[in-house]
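Have a look at the structure below, then the notes.
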Amino acid sequence: MRWWLAAAATTVVPAESTQQAIGYPSLFLLVLIGALVPVVPTGALVSSAAVVAFHQTAPFSLALVFVTASLAAFLGDATLYWLGRRGMRSRNGSRWLEAIRARAPEQRLEQAQTRLAEHDVAVLVLSRLVPAGRIPVMLACLMADWPLRRFVRGNLPACLAWALTYQLIGILGGSLFPEPWQGVVTAVALTVLISAAPSVWRRIRRPGAG
């Protein structure tokens with residue numbers, strides 16, 4: 001009986017350590033790609049990773065998820081902004097700048113420019129927390145000719161707040177259920193609802209506005 005318990009213990013620990021060795025680099029890479037190509041649901045990734053970390057026995061798992069996600073988001077945003085500035089200075093633009101413009105409708109860009117002029121850096125923090133709000137504000141910063149250093153200073157707290165928010169969603173989902181997969185499903189569902197809420201609200205208000 002003792003040898004069976006010892007064998008079980010040796011099989012559980014490597015499984016968790018292997019999961020961490022693969023999970024953190026994967027989370028970093030996917031969030032980085034999601035910041036550069038805004039089609040990856042990075043919020044859901046962070047929430048799912050937080051659920052898994054919540055159920056792990058290793059110390060600092062949740063802290064590592066927070067650091068990994070916020071660092072990847074910060075580097076991705078800074079890189080995309082740098083590429084956008086190069087496109088703004090280029091006579092022919094760039095595909096990165098065109099991609100940013102394609103995801104910033106005229107009405108939302110005007111709103112972002114107005115809020116940026118009124119509230120300055122604080123708008124960057126909110127843009128990361130509002131679904132689909134990051135790209136219009138980033139384009140507004142580009143059009144206002146913000147230098148990279150100024151954008152980076154404002155974007156750092158934005159990425160930290162974003163990572164913390166979605167991690168808390170994951171912790172909530174992980175604490176409600178005993179199995180990690182149940183918490184992952186709940187966290188993903190919550191992030192989808194949060195992402196869809198603004199567009200649903202705009203559709204509800206549109207008939208009344210006319």
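Numerical summary
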{"read-out": "Spin-label model distance (nm) - R153 vs T79, 7 Å beyond Cα toward Cβ", "value": "2.5 nm"}
{"read-out": "Protection proxy ranking, peptides 139-149, 102-112, 39-49, 156-166, average beta carbon neighbours within 10 Å, highest first", "value": "39-49, 156-166, 139-149, 102-112"}
{"read-out": "Cβ charges +1 (Lys, Arg) and -1 (Asp, Glu), total dipole of the range 44-116, debye", "value": "400 debye"}
{"read-out": "Note, ³J(HN,Hα) from phi for the range 109-119, Karplus 6.51, -1.76, 1.60, rounded to Hz, x at Gly and Pro", "value": "5, 4, 5, 5, 5, 5, 5, 5, 5, 8, 10"}
{"read-out": "Scattering curve values for the range 27-80, log₁₀ I(q)/I(0), Debye with Cα scatterers, q = 0.18, 0.30, 0.31 Å⁻¹", "value": "-0.53, -1.11, -1.16"}
{"read-out": "FRET efficiency for F60 and L129, using Cβ-Cβ distance with R0 set to 22 Å, rounded to 0.05", "value": "0.30"}
{"read-out": "Calculated on alpha-carbon atoms, Rg and Dmax of the range 23-140 in Å", "value": "15.9, 54"}
{"read-out": "Residue-by-residue Karplus 3J(HN,Hα) for the range 73-80, coefficients 6.51, -1.76, 1.60, Hz, glycine and proline x", "value": "5, 5, 5, x, 4, 5, 5, 5"}
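Laboratory data are not the source of any read-out in this text; all were calculated from the coordinates shown. Since this is a predicted model, take the numbers as computed values, not measurements. Quick reminder, even Gly has a Cβ in these numbers, built from the backbone with ideal geometry, and neighbours come from all protein chains shown.
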